[in-house]
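Q: Please find one structure pasted underneath; my questions will follow.
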Amino acid sequence: MKKVLVLLMALIVVVALVACNGNQSITTTGKDTTETTAAETTTATETTTATETTTAKETTTAKETTTATETTTATETTTVETTTTEEVTTTEEVTTTEEVTTTVEETTSAGTEDPLKDHIVAGWTFDKIENGVVKDISGNGNDAIVSGECFISKGTVVLGALGDHMLVKDSDDLDFSMTDSFTLSVRAQWNGEFPDNWACLINRGLMLSTKAFKYYGVWINSSNSIIQFGTSNEGQTGTANYAAVEADVGFHTYTIVQNAEEGTLNFYIDGQMYSTTTAKDFVTDEDLFIGYNGNNGDQGQWSGSIDEILIYDIAIVPEA
């Protein structure tokens with residue numbers, strides 16, 4: 001027990017001594033401590049400043065980077081917009097052009113159809129000579145057999161030398177009685193020459209050598225150049241000629257129209273009627289001749305061009 005007390009006393013004395021020594025150190029070094037604190041404060045301030053400067057630099061760098069990125073993006077956007085606009089414009093123009101072309105082609109095709117096509121019983125447009133014939137456009141097989149030196153030029157057949165003509169064999173399609181209506185239309189050009197006798201443009205039924213007079217046709221009188229419409233006399237025992245006008249060298253349309261209901265047979269040039277007579281019987285076994293009479297010793301050679309010949313099974317009054 002006594003030993004414990006002695007130890008406690010000794011411990012108290014040591015603590016008291018240490019406390020006294022500590023107070024003296026604080027008093028002695030008070031100045032130093034203040035200076036140290038100041039130094040530490042200064043150091044802290046400098047450190048803070050350095051940190052702020054670094055932050056400012058980083059901020060500036062970040063802004064520059066952002067600006068560069070925005071500029072690049074703006075440039076790319078402009079390029080894309082320009083390319084898109086050009087492509088759309090080109091596509092629209094091509095589409096519009098194709099639609100207009102299609103419309104024009106359809107209109108033109110519809111406008112060229114002949115409403116009287118089904119009434120053509122024989123016809124020749126003289127676009128070409130093939131294997132010695134000019135095809136019948138009606139589809140009835142009434143082809144025109146070519147003789148002589150006939151040739152095609154600009155959609156017409158040209159005749160002039162003696163013997164130049166075409167022959168269409170006798171056909172029921174070409175027979176018309178007094179009770180039948182029909183129309184014969186011939187577009188041709190005379191060149192002003194008479195190779196021999198009267199110039200015959202077309203003749204169906206006249207054959208002097210056999211005294212066949214059931215006929216119709218068109219001639220130019222070689223003595224006065226007057227265009228003549230020829231047909232049978234009233235008893236159909238001879239010829240009858242109906243004068244029109246003096247011929248010239250232009251293209252003209254010559255039309256013969258028999259109207260069974262009215263009992264008339266009329267002759268027109270370019271739509272103007274020049275003569276009329278009564279309806280006739282044209283049922284015959286004779287061939288149809290284009291470009292000459294077909295009579296022995298009286299060829300009646302046509303000299304010029306023929307553009308088109310159409311024969312219809314109805315009466316059509318031509319327009320002037």
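The values are calculated or read from the model by the stated rules, or taken from the named source; none is laboratory data. A quick note: this is a predicted structure, and the numbers were derived from the prediction, not measured. Note: ideal-geometry Cβ built from the backbone for every residue, glycine included; neighbour counts use all protein chains shown.
Q: Sort through 212, 240, 260, 161 and tell me the only one that's at negative phi and in contact with a strand residue (DSSP E or B) (Cβ under 6 Å, 6 or more places away or on another chain).
A: Exactly one of 212, 240, 260, 161 is at negative phi and in contact with a strand residue (DSSP E or B) (Cβ under 6 Å, 6 or more places away or on another chain), namely 240.
Q: Same structure again: Select from segment 235-252 the residues that are of a type in the set (Ser, Thr, Tyr) and surrounded by fewer than 16 Cβ atoms within 10 Å (Cβ to Cβ) and list them in ascending order.
A: Hits for segment 235-252 are 237, 239.
Q: Do we have residue 257 as of a type in the set (A, V, I, L, M), touching an Asp or Glu at 6+ places or on another chain (Cβ under 8 Å) and within 23 Å of residue 315 (Cα to Cα) here?
A: no
Q: Here's another thing I want to ask about it. Just wondering, is there one or more residues in segment 260-275 that are of a type in the set (S, T, N, Q), within 18 Å of residue 166 (Cβ to Cβ) and at pLDDT 95 or above?
A: Scanning segment 260-275, I find no residue that is of a type in the set (S, T, N, Q), within 18 Å of residue 166 (Cβ to Cβ) and at pLDDT 95 or above, so the answer is no.
Q: Determine the pairs where a residue that is without any contact (Cβ under 8 Å) to a residue 60 or more places away in the chain and more than 15 Å from residue 117 (Cβ to Cβ), located within segment 129-143, has a partner that is of a type in the set (Phe, Trp, Tyr) and exposed (fewer than 15 other Cβ atoms within 10 Å of the Cβ) with Cβ atoms under 8 Å apart, the partner being 6 or more residues away or on another chain.
A: 129/151
Q: Going by the conditions given, is residue 127 outside any strand (DSSP E or B), at pLDDT 95 or above and farther than 25 Å from residue 215 by Cα?
A: In short, yes.
Q: Name the one entry in 264, 231, 239 that is closer than 27 Å to residue 136 by Cα and either assigned by TED's automatic domain parsing to the domain that holds residue 141 or more than 47 Å from the chain's Cα centre (by Cα) (or both).
A: 231
Q: Touching a Lys or Arg at 6+ places or on another chain (Cβ under 6 Å) and crowded, with 23+ Cβ neighbours inside 10 Å: which single residue out of 217, 205 fits that description?
A: 205
Q: Same structure again: Identify, please: which residue in segment 306-320 is surrounded by fewer than 22 Cβ atoms within 10 Å (Cβ to Cβ) and in contact with an Asp or Glu (Cβ under 9 Å, 6 or more places away or on another chain) and is, among those, farthest from residue 140 (Cα to Cα)?
A: The qualifying residue farthest from residue 140 (Cα to Cα) is 320.
Q: Among the residues of segment 224-234, how many are surrounded by fewer than 16 Cβ atoms within 10 Å (Cβ to Cβ) and either among the aromatic types (Phe, Trp, Tyr) or modelled with pLDDT under 95 (or both)?
A: 2
Q: OK, next. Are there strands (runs of 3 or more DSSP E) fully within segment 145-184 with at least 2 residues that are at pLDDT 95 or above and buried (at least 20 other Cβ atoms within 10 Å of the Cβ)? List them.
A: Strands (runs of 3 or more DSSP E) meeting the threshold: 156-159, 165-168.
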